[in-house]
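Right, one structure below, let's go through it.
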Amino acid sequence: MKKIIIAALALVAIAVAPKANAQTKMVGGAAMYPTKNIVENAVNSKDHTTLVAAGLVETLESAGPFTVFAPTNEAFDKLPAGTVDNLVKPENKATLTKILTYHVVAGRLSATDLWAKVKAGNGKAELTTVQGGTLTAMAKGEKLYLVDEKGGKSWITIADVNQSNGVIHVVNAVLMPN
């Protein structure tokens with residue numbers, strides 16, 4: 001079940017392989033190589049097995065670019081007991097896809113881009129997700145936060161994991177659409 005979610009999340013970041021000149025970053029104990037796509041990298045991250053199992057290949061197999069806010073396994077573990085097991089059931093694929101595509105924004109937004117948008121928006125920036133919802137980016141101290149439509153908050157723990165078709169920012173909570 002976690003492998004299915006991991007596959008799905010890997011697919012969410014599927015189109016994200018770092019540029020050749022991008023710095024290799026460590027995520028979940030594994031190097032995220034700029035020459036690989038997001039699935040090739042994410043499957044090696046022990047922190048993103050749930051995300052990878054979810055599978056968003058259909059959404060992210062295009063050239064993009066995409067910005068993916070990738071929750072860790074620990075973030076999924078914060079959900080109420082049984083939530084992940086329920087979401088990976090075949091009959092709940094549409095709901096899982098809705099949640100995962102809510103973590104994806106069209107375009108390549110680096111941390112610098114996000115900071116600039118927040119500054120230009122007097123402390124807030126609205127981001128439209130591939131799912132059609134809205135995430136609000138905010139800054140507190142030196143951290144970039146994302147606030148979902150239900151008021152849930154997550155912050156970026158690892159920024160700018162560049163991929164060939166976008167960028168991944170690792171976040172510490174699952175963001176939920178309305």
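Every number here is computed from the coordinates shown, using simple stated rules; none is lab data. Quick caveat, the model's predicted, so the values are computed rather than measured. Cβ atoms come from the backbone with ideal geometry, glycine included; neighbour counts cover every protein chain shown.
What to note about this one:
- Interchain or long-range residues, amide H under 5 Å from Ala139's placed H: Tyr145
- Sequence-distant residues sharing a close amide H with Tyr102 (under 5 Å, placed H): Gln131
- Each residue, Met176 and Ala120, gets one label point 7 Å from its Cα in the Cβ direction; the gap between the two is 3.2 nm.
- Cross-link table Lys119/Lys143; Lys25/Lys124; Lys93/Lys124; Lys78/Lys124; Lys117/Lys150; Lys78/Lys117, entries beyond 20 Å C-alpha to C-alpha: Lys25/Lys124; Lys93/Lys124; Lys78/Lys124; Lys117/Lys150; Lys78/Lys117
- Calculated from backbone phi, Karplus (6.51, -1.76, 1.60) coupling profile of region 168-178 in Hz, x at Gly/Pro: 10, 10, 6, 10, 9, 8, 7, 8, 10, x, 5
- For Gly166, nonlocal amide neighbours, meaning residues 5 or more places apart or on other chains whose placed amide H falls under 5 Å from its own, are Ala17, Phe66.
- In terms of other Cβ atoms within 10 Å, Ser164, Ser154 run from fewest to most in the order Ser164, Ser154.
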